Amino acid sequence: MSPIDLAGAAQGAQAQGASAQARSIACAHCALPVPAGFVEPDANAQFCCAGCRTAYAILHDHGLDQFYGFAERRTSPVRASGRSYEAFDHEAFQSLYVTTTAESLSRVELFLEGVHCASCVWLVERVPLLLPGVARAELNIARSLATIEWDAGSVRLSEVARTLASLGYAPHPSLGVRRDVVRRTEDRAALMRIGVAGAIAINVMLAALAMYSGVLSNGIEAPFERFFRYVSLGLTIPAMLGPGRVFFTGAWAALRTRALHLDLPIAIALGAGFVRGTINTVADTGPVYFDGVTILIFLLLVGRYLQQRGTRAATDASELLHSLTPQGARIVGDDGTVRELPAAALIPGMTLEVRAGEIIAADGVVVTGRSSVDLSLLTGESRPAAVESGTLVFAGTQNVSAPLRVRVERSGDESRVARLLRQVEESALRRAPIVILANRIAGWFVAVVLVLAVVTYAVRYSLDPSSALDSAIALLIVTCPCALAMATPLAVTVAAGRAARAGIFIKGGDSIEALAHPGVMILDKTGTVTESRVSLVRWDGPDWVKPLVLALEAESTHPLADGFRRALAPVDDAVTAGGSDAQPSVVPTVESSTHVAGGGIVGRVGGRDVVIGSPTFVTGRFAARLPSESHAARPLPTSPDAPDESLTPVWIAVDGTLAARAWLGDPIRTDAAESIAALQRAGWTVRLLSGDASSVVQSVGRALGLAPDECRGEATPEEKLRVVEQLGRTGRVVMVGDGVNDAAAIAAATVGIGVHGGAEASLATADVYLTTPGLAPLVELVRGAGRTMRVIRRNIAFSLLYNVAGATLAITGVITPLIAAVLMPLSSLTVVLASWYGTTFAERT
């Protein structure tokens with residue numbers, strides 16, 4: 001055993017007892033283990049970090065210890081944001097996000113980080129107890145959206161934000177405040193119409209039930225029948241003038257624009273039924289159709305409301321894309337002082353201070369500092385890019401390792417992420433509206449029905465004038481396009497519900513139709529084909545080095561540090577005898593550490609000098625010598641190159657000697673190769689399109705069995721958009737991705753699919769969202785779409801057959817308007833049953 005191995009084993013044995021004791025101590029706030037260096041032997045409560053200590057003190061001082069009685073509460077440490085949130089008090093911020101209530105209170109909606117359970121709701125809604133002047137705090141846990149109302153004269157919004165951040169819920173403003181007010185107003189009006197129509201329909205049905213009962217019992221006394229007729233008429237008039245008015249407005253618009261659609265025959269049927277019912281009521285003879293008219297109004301209003309709620313995804317996507325950049329920024333003044341401003345107030349020429357871990361607020365040029373920037377959200381590049389003075393950086397990207405000062409070049413609507421947003425919106429506008437099979441034949445159907453109604457009236461009038469109007473009304477009623485209108489949306493609704501229970505959320509029927517036919521499917525790499533997380537793929541070196549690496553990387557913000565922390569977290573309670581090849585549970589104390597931008601991290605750990613970084617950085621720092629194979633746990637390769645081009649090599653030197661090498665990367669999902677093969681067997685052409693390095697993309701493509709010409713790397717968001725648009729001109733193209741860099745391409749594709757764990761912007765612009773990790777749900781989506789289209793075709797065929805048969809009976813005078821009114825809901829019921837029992841998506845068990 002080498003001297004280094006013996007020293008490492010001895011040091012591990014000495015620290016074993018202390019480490020085991022530290023691991024048994026849980027943080028009083030988040031219940032995570034307290035690091036050995038943070039343990040205070042004489043303290044009543046122990047904390048894993050300063051943030052948890054602060055949060056605990058706030059709750060304890062205000063008598064909110066009940067928080068710790070929840071069976072489920074946050075299990076993550078409170079990370080101090082270091083922000084003063086002064087930007088929240090700025091006039092520009094207030095004008096964008098703050099509204100005034102009827103009680104003259106200020107009101108804002110804030111997105112909160114770290115919300116996940118009932119204890120979070122309880123704690124956030126106790127903010128008024130912590131901060132005098134706050135009148136109300138309400139948290140929507142599903143959206144992580146807190147509504148805060150406060151007296152601006154008593155407390156500033158920045159104080160509220162700092163309080164929330166100190167509790168572990170870093171706040172971010174919501175851009176949708178005024179939009180949501182408008183939506184709520186529209187929804188209230190629609191629900192009011194539905195409620196009025198429903199109430200009227202129920203009462204008219206009760207009157208109709210009385211009349212039908214009298215007919216079935218060999219007659220009803222004339223005064224009572226007349227009374228129920230006029231009651232029905234009196235109730236139907238407000239239904240026609242109020243809730244039913246929207247259909248006549250639509251029909252009038254169709255006539256003015258010379259575009260026939262389903263509103264026109266619906267309005268004619270409603271109008272004809274009402275007019276004929278009124279005539280029969282006044283004449284005291286014949287059937288009245290008020291029950292069918294009011295029920296039809298109610299059901300159609302419900303369908304229209306549901307459709308309206310499903311068409312709001314585009315505006316939601318815009319809000320989420322705008323939220324990618326921070327709403328505040330630190331500005332460096334001419335005198336060197338730093339203050340906060342809203343991002344909306346940034347102008348070219350200002351100098352930003354961007355600390356490690358923060359999001360850059362505007363496009364600009366680095367003026368001082370060296371660091372690495374995580375571009376994955378914007379470009380898809382999985383490896384942070386080194387930046388230094390003169391390097392162009394973009395809003396929405398994250399500064400990883402060291403402070404930077406950036407001169408603003410473009411901000412707000414002129415930034416790259418804002419231009420990307422505009423491309424998303426333009427793509428959404430260019431995309432045709434939801435086109436379902438029923439609407440394709442609606443124009444012809446409406447025209448044919450109207451012509452047939454006129455012909456029926458003319459022919460029947462020449463034969464029997466007294467039955468001419470009844471035959472025409474019977475034709476309009478029996479061919480009312482309810483069954484045809486329901487054939488597709490109902491099947492889609494049922495299929496979408498089953499797909500949702502299988503973890504697949506589908507926004508529209510056009511997506512199902514497009515996915516039922518093979519085309520080109522483009523897959524993003526990072527987060528779609530791969531797991532979008534850095535993992536330790538290979539380790540070459542003795543295990544005693546691992547605790548040194550873990551200790552030094554524990555506080556690093558670099559993405560590679562996450563891979564080390566996940567892989568090297570201690571799991572054993574003792575060191576295996578012999579020590580050199582076992583992974584000790586001991587995490588030694590870090591005495592000092594220094595991050596070197598673009599290189600790595602240097603520190604003294606447990607009395608040893610440790611250097612971790614790129615091969616060039618490590619060899620440049622020390623004249624590293626390779627240990628002999630007898631000293632190493634495994635033979636070390638003599639080349640710094642990774643065994644796979646998609647992996648990043650990291651070298652570890654201890655006391656001037658190269659002790660180990662590690663390779664980290666983004667692993668390919670286990671089901672990726674099998675799923676891609678299944679899609680290819682189904683007729684799809686699968687391609688890989690990524691912003692990552694070309695060598696990495698080609699390496700992943702080879703592992704998945706894709707040809708080199710089907711794998712393209714280093715694609716910017718704009719290039720992805722162009723590729724999708726070019727392919728879309730010649731056929732169907734499906735874009736599958738998870739990042740903001742995919743959002744414009746997802747919006748422009750025939751069908752855009754967002755995958756589990758993706759950025760909210762890409763998920764909001766997507767037509768389909770897969771909640772289950774991996775590509776297997778993508779295969780089920782394609783198969784379920786094909787099955788759903790078969791159900792839709794069956795429904796349309798039945799509705800057309802029914803309309804042909806019903807029209808024939810009405811034209812020949814076989815059925816009366818009353819019989820037509822009975823047949824009409826039966827056709828709809830058949831479509832409902834066919835849609836419900838049809839096989840579409842396999843629900844997850």
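The values are calculated or read from the model by the stated rules, or taken from the named source; none is laboratory data. Only a predicted model underlies this, so the values are computations on that prediction, with no experimental measurement involved. Neighbour counts run over all protein chains shown; Cβ positions are idealised from the backbone, glycine included. Note: areas computed on protein heavy atoms with side chains; ligands, DNA, RNA excluded. Shrake-Rupley method; radii C 1.70, N 1.55, O 1.52, S 1.80 Å.
Worth pointing out:
- Condition broken by Leu781, with the remaining ones in (1) open to solvent by less than 30 Å² (accessible area, probe 1.4 Å); (2) part of a helix (DSSP H, G or I); (3) modelled with pLDDT under 85; (4) not aromatic (Phe, Trp, Tyr) satisfied: (3)
- Selection count, region 123-142, where residues are part of a loop (DSSP other than H, G, I, E, B) and either open to solvent by less than 60 Å² (accessible area, probe 1.4 Å) or touching a residue at least 24 places away in the same chain (Cβ under 8 Å) (or both): 4
- Of the residues making up region 804-834, those that are small (Gly, Ala, Ser), crowded, with 18+ Cβ neighbours inside 10 Å and modelled with pLDDT of 75 or more are Gly806, Ala807, Ala810, Ala834.
- The set of residues from region 143-163 being out of contact with any Lys or Arg (no Cβ under 6 Å at 6 or more places or on another chain), closer than 29 Å to Arg339 by Cβ, open to solvent by 20 Å² or more (accessible area, probe 1.4 Å) and not hydroxyl-bearing (Ser, Thr, Tyr) comprises Asp151, Ala152, Gly153, Arg156, Glu159, Arg162.
- Residue selected from region 743-765 under the condition of a type in the set (A, V, I, L, M) and under 14 Å from Thr528 (Cα atoms), by the criterion modelled with the highest pLDDT: Ile753
- Qualifying residue in region 157-172 (condition: farther than 30 Å from Ala50 by Cβ and either at pLDDT below 90 or of a type in the set (Gly, Ala, Ser) (or both)): no
- Of the set (1) in a loop (DSSP other than H, G, I, E, B); (2) modelled with pLDDT under 80, all apply to Leu96 but (1).
- Subset of region 526-547 (residues that are open to solvent by less than 10 Å² (accessible area, probe 1.4 Å) and in contact with a Leu (Cβ under 6 Å, 6 or more places away or on another chain)): Val529, Asp540
- Within this structure, Val700 passes the test of being closer than 29 Å to Asp540 by Cβ and out of contact with any Gly (no Cβ under 8 Å at 6 or more places or on another chain).
- Selection of region 675-701 for residues being open to solvent by 30 Å² or more (accessible area, probe 1.4 Å) and either in contact with a helix residue (DSSP H, G or I) (Cβ under 8 Å, 6 or more places away or on another chain) or polar (S, T, N, Q) (or both) yields Gln680, Ala682, Thr685, Arg687, Ser694, Ser695, Gln698.
- None of Ser628, Ser585, Ser593, Ser556 is part of a loop (DSSP other than H, G, I, E, B), among the small types (Gly, Ala, Ser) and modelled with pLDDT of 65 or more except Ser556.
- The set of residues in region 362-371 that are open to solvent by less than 10 Å² (accessible area, probe 1.4 Å) and under 32 Å from the mean Cα position of the chain (by Cα) comprises Ala362, Asp363, Gly364, Ser371.
- For region 205-303, the helices (runs of 4 or more DSSP H) that sit wholly inside it and include 3 or more residues that are at pLDDT 80 or above and of a type in the set (Ser, Thr, Tyr) are 222-241.
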